[in-house]
Amino acid sequence: LLEETGLIRPVGRWAMHEAVGMGAALRARGLASIPIAVNVSPIQLRDEEFVETVEEAITHADGGPHGLSLEITE
C-alpha cells in the first residue's frame, strides 16, 4: 500500500531513523548494540536520495555502532 500511494520513501526514511534512534537509546541505557533490520523496497533503492537517506540514519546513531542492516524485498 505504501508503494502504491507513493508514501514508501518518507515512511522508509522514518523507519530507518527510528530504528537507528532506538538502537542508540538502548546503548545510552547501557545495553549492548543489537542488529536492527529494516526492509527496503525496490522503489526506495531506485530513489536517487537513497544513499543519502541511509547516511543520515547512520549519522543519527551519533557515531556509535548503529547495527543497521537493510533487507531488500523482492
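Remark on Leu68: its backbone amide H falls under 5 Å from those of Ile36, a criterion applied only to residues 5 or more positions apart or on other chains, H modelled at 1.01 Å from N. Across the chain, the volume of the C-alpha convex hull divided among the residues equals 76 Å³ per residue. Accessible surface for the chain, divided over its residues, is 67 Å² per residue with a 1.4 Å probe.
Placing pseudo-labels 7 Å out from each Cα toward the beta carbon at Glu49 and Leu2 gives an inter-label distance of 1.5 nm.
Over the chain, with every protein chain in place, what whole percent of the accessible area is carbon and sulfur at 1.4 Å, could you tell me? Taking all protein chains in place, the chain shows 58 percent carbon and sulfur surface.
Which of the peptides 25-31, 48-54 is most tightly packed, and how do the rest follow, going by the mean number of other Cβ atoms within 10 Å of each residue? Could the numbers behind the result be given before it?
Numbers: 25-31: 10.9, 48-54: 13.1.
Per-residue Cβ counts within 10 Å, averaged per peptide and sorted highest first, yield 48-54, 25-31.
The values are calculated or read from the model by the stated rules, or taken from the named source; none is laboratory data. Owing to the predicted nature of the structure, the values given are computational and were not obtained by experimental measurement. With ideal geometry, Cβ positions are generated from the backbone for all residues, glycine too; neighbour counts draw on all protein chains shown. Just so you know, the surface numbers come from the protein's heavy atoms only, side chains and all, with ligands and any DNA or RNA stripped out. Shrake-Rupley method; radii C 1.70, N 1.55, O 1.52, S 1.80 Å.
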